[in-house]
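Q: Pasting a structure below so you can have a look.
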Amino acid sequence: MKLHEYQSKRVFAQYGVPIPPGKVATTPEEVEAIAREFGGPVAVKAQVLVGGRGKAGGIKLARTPGEAREVAKAILQMTIKGLPVRKVLVDPAVDIAHEIYLGITNDRAAKRPVLMASSEGGVDIEEVARRSPEKIAKVHIHPLLGLQAYQVRDVALRIDLPREQWRAFTKVAFGLWKAYQASDATLAEINPLVITAQGDLLALDGKMIVDDNALYRHPDLAEMRDLDAEDPTEVEARRYGLSFIKLDGDIGCMVNGAGLAMATMDIIKLYGGEPANFLDIGGGATAEKVAAAFRLILADPKVKAVLINIFGGITRGDEVARGILQAMEEVKPEVPMVVRLVGTNAEEGLALLQDADMITAQTLAEAAQKAVQVAKGGEA
């Protein structure tokens with residue numbers, strides 16, 4: 001789950017990272033009032049969960065409250081990379097002497113977090129990595145020992161940070177590490193971390209991505225979720241406790257178990273098809289849950305066939321069948337469906353589906369072949 005800039009910076013501030021005293025607004029009038037309160041030039045920044053806001057015109061400086069109002073009026077009417085701008089962050093303008101990049105993320109290859117810093121802040125770290133990889137300093141953080149002061153000093157030296165900034169930089173790095181840990185984040189990033197003309201360090205921008213699997217521990221962060229940035233079908237799936245990811249193919253998949261779902265997708269591709277989604281209904285799925293999964297699949301107009309692959313252990317075949325029949329009554333699908341149903345109560349489930357004009361298969365390979373054939377307009 002991604003957090004907006006203003007949300008990320010507020011989390012950082014809880015752990016001692018210095019941020020500007022910005023305020024969020026939803027109308028041009030609110031922006032004008034905030035600018036008047038700050039009493040000087042301000043930066044008006046679109047709050048959308050995509051990169052490239054500045055290049056798209058979503059970040060503007062304003063010298064007066066009136067100018068801030070007009071800038072905000074334009075930004076709040078924007079759509080950036082398909083996302084509408086509903087809020088702006090108003091920060092006092094800062095006299096910047098130098099910009100730094102500082103971030104912590106997971107290094108899956110090393111199986112531990114990595115702290116990264118660069119003297120070239122204010123631009124995408126991916127661009128720096130492509131153009132000048134030697135300008136990125138990295139240190140891996142031991143998951144039990146945590147970030148060490150000598151590691152921060154080593155990074156400060158490697159990015160040529162002035163020595164008089166090392167103490168403040170160490171405080172910021174440790175604050176970022178604490179925020180990363182405490183929030184179960186997979187990314188905590190300050191870009192740019194600036195040295196002001198007065199010699200202070202300030203986090204002008206912030207970005208956090210929180211592990212969805214840990215949100216049950218962070219109800220306060222879960223409340224910050226912005227549904228505008230998410231696929232509506234994935235939002236609906238989460239409401240029913242389904243694992244759903246929309247893909248670009250034309251064969252819908254409904255499977256119980258993540259591993260079996262991956263295998264189902266693989267075998268569809270093996271036989272020349274393309275899966276339209278990943279969908280795991282989980283164990284012990286009720287008829288209501290199966291019906292919800294079915295609606296999600298059939299909401300995609302590109303779907304030309306549906307492959308239902310259920311291996312009944314905890315999940316009962318008759319419950320799955322009832323869910324399928326319930327969804328068919330609601331959605332009235334016009335695409336062929338192939339069912340492979342084995343395990344607990346499979347016979348009862350297949351008996352319920354006999355009158356529903358569904359294609360059945362005994363093995364996964366047979367089911368995948370039939371799904372690919374009917375998706376291409378052939379006979380199963």
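Q: Largest first, what is the accessible-area ranking of Phe38, Phe294, Phe311 with a 1.4 Å probe?
A: From most exposed to least exposed: Phe311, Phe38, Phe294.
Q: Here is a follow-up. Could you count how many Lys pairs in the range 1-109 have their Cα atoms under 16 Å apart, skipping same-chain pairs fewer than 8 positions apart?
A: Here the count comes out as 17.
Q: Against the longest alpha carbon principal axis of the chain, how many degrees, from 0 to 90 and to the nearest 10, is the axis of helix 364-375 turned?
A: 80 degrees
Q: If you roll a 1.4 angstrom probe over the protein chains with everything in place, what fraction of the accessible area of the range 47-148 belongs to carbon and sulfur, to the nearest %?
A: Carbon and sulfur together cover 51 percent of it.
Q: Same structure again: Which shape class, rounded, prolate or oblate, goes with the range 85-124 when its Cα gyration tensor gives a ≥ b ≥ c as root eigenvalues, a/c under 1.5 marks rounded, and past that a/b bigger than b/c marks prolate?
A: oblate
Q: Right, next: Quick one: if the Förster radius is 35 Å, what FRET efficiency do Arg36 and Glu288 give, using the C-beta to C-beta distance and rounding to 0.05? Walk me through the numbers before you get to the answer.
A: Details: r = 53 Å, r/R0 = 1.52.
Rounded to the nearest 0.05, the efficiency is 0.10.
Q: Return the aspartates and glutamates within reach of Lys246: Cα separation strictly under 18 angstrom, same-chain partners fewer than 8 residues apart disregarded; answer none if there are no such residues.
A: Here the aspartates and glutamates satisfying the reach criterion relative to Lys246 are Asp212, Asp228, Glu230, Asp231, Glu234, Glu236, Asp266, Glu274, Asp280, Asp300.
Q: By accessible area of protein heavy atoms, probe 1.4 Å, what ranking do Tyr180, Tyr216, Tyr271, Tyr150 get, highest first?
A: Numbers: Tyr180 10, Tyr216 170, Tyr271 85, Tyr150 135 Å².
Order by accessible area, largest first: Tyr216, Tyr150, Tyr271, Tyr180.
Q: Using each residue's phi in the range 85-98, evaluate 6.51 cos²θ - 1.76 cosθ + 1.60 at θ = phi - 60° and report the 3J(HN,Hα) Karplus result to the nearest Hz, with x for Gly and Pro.
A: Taking θ as phi minus 60°, the curve returns 8, 9, 9, 10, 9, 10, 10, x, 5, 10, 7, 9, 9, 7 Hz for the range 85-98.
Q: What net charge do the residues around Val152 carry, taking every other residue with its C-beta under 12 Å from that of Val152, with Lys and Arg at +1 and Asp and Glu at -1?
A: Details: positive: Arg153, Arg158, Arg167, Lys171; negative: Asp154.
That sum, taken over residues with Cβ under 12 Å, equals +3.
Q: Rounded, prolate or oblate: pick one for the chain, where a ≥ b ≥ c are the square roots of the eigenvalues of its C-alpha gyration tensor, a/c under 1.5 means rounded, and failing that, prolate if a/b is larger than b/c, else oblate.
A: Prolate is the answer for the chain, as a/c is 1.5 or above and a/b outweighs b/c.
Q: Quick one: grab the alpha carbon gyration tensor of the range 313-380, order the square roots of its eigenvalues as a ≥ b ≥ c, and give me rounded if a/c is under 1.5, else prolate or oblate depending on whether a/b is larger than b/c.
A: Verdict is oblate for the range 313-380.
Q: In addition: For every helix of n ≥ 4 consecutive DSSP H residues, a contribution of -39,500 (n - 2.57) applies; sum these over the chain, divide by its total residues, and give [θ] at 222 nm rounded to the nearest 500 deg cm²/dmol. Don't jump to the answer; show the numbers that get you there.
A: On the way: 13 runs with 138 residues, N = 380.
Helix contribution divided over all residues of the chain: -11000 deg cm²/dmol.
Q: Let me ask something else. Averaged per residue, what accessible area in Å² does the chain show with a 1.4 Å probe, protein chains only?
A: The answer is 48 Å² per residue.
Q: Once you list every other residue whose beta carbon is under 11 Å from the beta carbon of Phe12, what net charge do they have if Lys and Arg are +1 and Asp and Glu are -1?
A: +1
Q: For Met116, what accessible surface area do you get with a 1.4 Å probe? Give it in Å², rounded to 10.
A: Surface accessible to solvent at Met116 totals approximately 30 Å².
Q: Of the accessible area of the range 275-324, with the probe set at 1.4 angstrom, what percent is carbon plus sulfur?
A: Reported share for carbon and sulfur atoms: 57 percent.
Q: How high is the FRET efficiency between Asp212 and Tyr150 when r is their beta carbon distance and R₀ equals 51 Å, given to the nearest 0.05? Don't skip to the end; give the middle numbers.
A: On the way: r = 34 Å, r/R0 = 0.67.
Once rounded, the FRET efficiency stands at 0.90.
Q: What's the magnitude of the charge dipole for the range 17-79 around its Cα centre, counting Lys and Arg as +1 and Asp and Glu as -1 at the beta-carbon? Answer in Debye, nearest 20. Could the numbers behind the result be given before it?
A: Numbers: 9 positive and 6 negative charges, 53 e Å.
The dipole magnitude comes to about 260 debye.
Q: Around Asp212, under 10 Å between beta carbons, what's the net of Lys plus Arg minus Asp minus Glu among the other residues?
A: So the surrounding residues net to 0.
The values are calculated or read from the model by the stated rules, or taken from the named source; none is laboratory data. What you are looking at is a predicted structure, and each value in this text was computed from that prediction instead of being measured. Note that we place each Cβ from the backbone using ideal geometry, even for glycine, and neighbour counts take in every protein chain shown. All accessible areas refer to the heavy atoms of the entire protein, side chains included, with ligands and DNA or RNA removed. Shrake-Rupley method; radii C 1.70, N 1.55, O 1.52, S 1.80 Å.
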